[in-house]
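The values are calculated or read from the model by the stated rules, or taken from the named source; none is laboratory data. Just so it is clear, the structure is predicted and the values come from calculations on it, not from any experiment. Here Cβ is always computed from backbone atoms with ideal geometry, including for glycine, and neighbour counts include all displayed protein chains.
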Amino acid sequence: MSNPGSEERERMSVGNSLTSWERPTVFYNKQIKYLLYSAIGLFILWSAWELRPSPSRLIGGMEAFFSLLTTMFPPDFSPDARGRIWTGMLESIAMSIVATAIGVLISIPIAVMAAENLVPKPVYYVGRSIVSVSRALHELVLAIITVVAVGLGPLAGVIALIIATPGFFAKLLSEELEDIDGGQADGIRAVGGSSIQVLLYGVAPQVIPRLIGLTIYRWDINIRASTIVGIVGAGGIGVTLLNSFDRYEYDFSLAIILVIIAVVMFGEIMSAVARRRVQ
Amino acid sequence: MLKITDLKKVYSTGDEALSGVSMEVEGNEVVSIIGPSGAGKSTLIECVNQLTESTSGSVVLDGRDITSLSKKELRNARRDMGMIFQEFNLIERLTVMENVLSGRLGYMSNWDAFRRNFEPEDIQSAYEILDRVGVGGMENKRVDELSGGQRQRVGIARAVLQRPKILLVDEPTSALDPETSFAVMELLTEIAREEEIPVLINIHEVELALEYTDRIVGLTDGEIVFNGTPEELDETARDTIYRSGQSRAEKDAASDYKETSSKIENIDKEISF
C-alpha cells in the first residue's frame, strides 16, 4: 500500500490502542481530492474567459435598461390592453390545462416503463431514454420545432408542453414507483393476479397521492411555460408580449409582464396549498 | 396433494438456500416447517407458488408441476394456493373489503378489477369470512388503520376467499406479540380444518408448531433433517435442527473454547514483540 499512514497504523495497533483517526474520504486519496477541486476551479475560470464580459457593454446596457424602464411606466392597463391580455392569458391557461391532462396520461405508462423494479431490463432502458430525451429539451426548443411542424398558434405550444411533460413527471413518478413496498405487489401476485392487476392493486394505491401532487406541480410548471412559448409563435400570452415589443409599446409590455408574474405566482401558491393537502 | 421433489434454489449471489428438499403434504394435514434463521424456510414456501423461482426440482400440486408452467398457467395455479405473509402484504391504502376481495382477482378481468366490479357471491362470502376471522364491521376501514393482529386476520380472510387447495403460510406470527400469535394460529388452523384446506406453515416458535400442527419438518441449511409428529420432536431432534447435532451444553462449551483459544493467540502475539 502506498498510503504512508498504514504502516504507522499497524505499528500502533499492537497493544490495541489507536490514537489517530482520519475521516475516510470519498476520493481514493488526498492527491486526487485536490486535483479534482483544482480542476473544478479551472473549469469555472475557463468558462468566464470564454464569455469575456466587457465592462463597457455592461455600462451601456444599464443606460438602455433605464431608458426602457422610463418608457415602460406607467404600465398600459387601458380597456383595449386589458382585453388583449385577457384573451392571451386565457389561451395560455387553456394550453396549460390541455397539455397537463394529455402529458400526464402519456407519462404514466412511461413512468412504469422507467421503474427498474417493475419491468424487464430492455423495457427499462427504453423508458429511461424517453425520459432523458424529453428532459434534455427545453419547452422553448421544443416549441421552435413544433411551430415548424404544425405552424404558428397554440397547437404548437400544446404539443411542445406535452412532449416536455414526461421529462419531469415520468422521471419523478418512476422514482416513486421504485420506492414502493414490493410486499404489497407480492400479495396480489400470490393470489394469481395479472401484471395489470398487480399494477392496479399492488402498486397504484401506493403512489396515487404522489401522482396527484406531481400533476398539480406539473400544471403549475406548464402555466409558466405556456406564457413563454408564445415568444417563438406557439400561442398564448407570449405572442401578445412579443408583438408589443415589436411595436415599441413598452408600457403594454410591462402590463403583460406584471400579469404573467401575478398568474404564475397565483398558480404556484395554489399548487403548494393543494400539494400539501394531498400529501 | 402437494409433493415437493429434490427442490433446489441457488440465488444469483451464489448462495444455496435449498439443496434438494423433498417432502409431501397430504390430505388436510397442517404441516409446519421449523428451523433456524437462514435455513431456507421462507425460500421453500415461496418456491411452492414460485414467487421465488426455484433452480431445479419439482413442486407438484394436484398432479400439476408448478415449476414448468407458462406465465398464464402459473397465474391460474396460484389461484389454488392461498398465501399468508409474515408482513401481511396487504394493500395499506385500500379498504379491508378491497383487500379481502383481491383474493378473487385471479378470476377477474383487468377491466372488472379496475372498476372494482366484484361478483355478488364473492362480496357475500367476504362479509362472512370477515365475521369469521373476527374483523366484522371493519370492511370500510383502511388497512393502515388496523393493528397487526387485525391485519393478519384480514390476510387470512384474503387467502381463504381464494378458496384455495392449499394454504402457504410464511411466519404468520413473527410480526405479532405472543398473545396475538396464539390467537392467530388458533384461528388459522381452525379455519383450515373447517374449510378442509391443508396448510404448509413456516414458523420459528417451536411451541406454536407443537401445539397447532399435525406434522413438523425440520429444515437446516437448506436440507430436511427431521420429519415427524410433534411427539417425535424430542431434545435430540431439536439439537439436530437448531444446533447441527450438538446439545446446548456442548455448543456453549465449544464457543467458550473458541474464545479462550483466540485470547491465548492474542497473548502470544503481544509476547512475541
For the stretch A:122-135, does any single residue satisfy the condition of being in a helix (DSSP H, G or I), closer than 21 Å to A:G233 by Cα, assigned by TED's automatic domain parsing to the domain that holds A:A170 and free of Cβ contacts under 8 Å to residues at least 12 places away in the same chain?
no
Go through the stretch B:57-67 and report how many residues are exposed (fewer than 15 other Cβ atoms within 10 Å of the Cβ) and either touching a helix residue (DSSP H, G or I) at 6+ places or on another chain (Cβ under 8 Å) or in a loop (DSSP other than H, G, I, E, B) (or both).
3
Taking the criterion of being away from chain B (no Cβ under 11 Å) and polar (S, T, N, Q), would at least one residue in the stretch A:145-154 satisfy it?
yes
The lone exception for B:D80 - which of (1) closer than 19 Å to B:L187 by Cβ; (2) in contact (Cβ under 8 Å) with a residue 60 or more places away in the chain it fails
(1)
Got a sec? Which of A:I102, A:I145 is without any contact (Cβ under 8 Å) to a residue 60 or more places away in the chain and surrounded by fewer than 18 Cβ atoms within 10 Å (Cβ to Cβ)?
A:I145
Using the structure shown, decide if B:D144 is modelled with pLDDT under 95 and over 24 Å from B:L200 (Cα atoms).
yes
Just one of B:L167, B:L176 is assigned to a loop (DSSP other than H, G, I, E, B), among the aliphatic types (A, V, I, L, M) and touching a Gly at 6+ places or on another chain (Cβ under 6 Å); which is it?
B:L176
Looking only at the stretch A:39-91, which residues are assigned to a helix (DSSP H, G or I), surrounded by 10 or more Cβ atoms within 10 Å (Cβ to Cβ), of a type in the set (S, T, N, Q) and over 30 Å from the mean Cα position of the chain (by Cα)?
A:S67, A:T71
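Conditions tested, residue by residue: (1) outside the structural domain of B:V60 (by TED's automatic domain parsing); (2) surrounded by fewer than 20 Cβ atoms within 10 Å (Cβ to Cβ); (3) more than 16 Å from the chain's Cα centre (by Cα); (4) of a type outside the set (G, A, S).
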{"position": "B:R142", "(1), (2), (3), (4)": "no, yes, yes, yes"}
{"position": "B:E145", "(1), (2), (3), (4)": "no, yes, yes, yes"}
{"position": "B:A159", "(1), (2), (3), (4)": "no, no, no, no"}
{"position": "B:Q162", "(1), (2), (3), (4)": "no, no, yes, yes"}
{"position": "B:E179", "(1), (2), (3), (4)": "no, yes, yes, yes"}
{"position": "B:A183", "(1), (2), (3), (4)": "no, yes, yes, no"}
{"position": "B:T213", "(1), (2), (3), (4)": "no, no, no, yes"}
{"position": "B:I216", "(1), (2), (3), (4)": "no, no, no, yes"}
{"position": "B:T229", "(1), (2), (3), (4)": "no, yes, yes, yes"}
From the residues in the stretch A:176-195 that are more than 26 Å from B:D80 (Cα to Cα) and touching a residue at least 24 places away in the same chain (Cβ under 8 Å), which one is nearest to the other protein chains (Cβ to nearest Cβ)?
A:I180
B:V135 fails exactly one of the following numbered conditions: (1) on the phi < 0 side of the Ramachandran plot; (2) at the interface with chain A (Cβ under 9 Å from one of its Cβ atoms); (3) not in a helix (DSSP H, G or I). What is the number of that condition?
(2)
Given the conditions (1) hydrophobic (A, V, I, L, M, F, W, C); (2) more than 10 Å from every other protein chain (Cβ to nearest Cβ); (3) part of a helix (DSSP H, G or I), report the number of the one that B:L105 does not fulfil.
(2)
Test set (1) surrounded by 15 or more Cβ atoms within 10 Å (Cβ to Cβ); (2) more than 19 Å from B:D170 (Cβ to Cβ); (3) polar (S, T, N, Q) - B:Q124 fails condition number:
(1)
Among the residues in the stretch B:30-53, are any surrounded by fewer than 17 Cβ atoms within 10 Å (Cβ to Cβ), within 22 Å of B:A157 (Cα to Cα) and either more than 14 Å from chain A (Cβ to nearest Cβ) or in contact with a strand residue (DSSP E or B) (Cβ under 7 Å, 6 or more places away or on another chain) (or both)?
no
Flag for A:V198 being more than 7 Å from every other protein chain (Cβ to nearest Cβ), more than 16 Å from A:Y124 (Cβ to Cβ) and surrounded by fewer than 23 Cβ atoms within 10 Å (Cβ to Cβ)
yes
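Does the stretch B:16-36 hold any residues that are in a loop (DSSP other than H, G, I, E, B) and more than 11 Å from B:G222 (Cα to Cα), and which are they?
B:E26, B:G27, B:N28, B:E29
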Restrict the check to the stretch B:68-86 and report whether at least one residue is more than 12 Å from every other protein chain (Cβ to nearest Cβ) and either surrounded by 19 or more Cβ atoms within 10 Å (Cβ to Cβ) or in a helix (DSSP H, G or I) (or both).
yes
So A:N117 passes all but one of these: (1) part of a loop (DSSP other than H, G, I, E, B); (2) modelled with pLDDT of 95 or more; (3) among the polar types (S, T, N, Q). Which condition number does it fail?
(2)
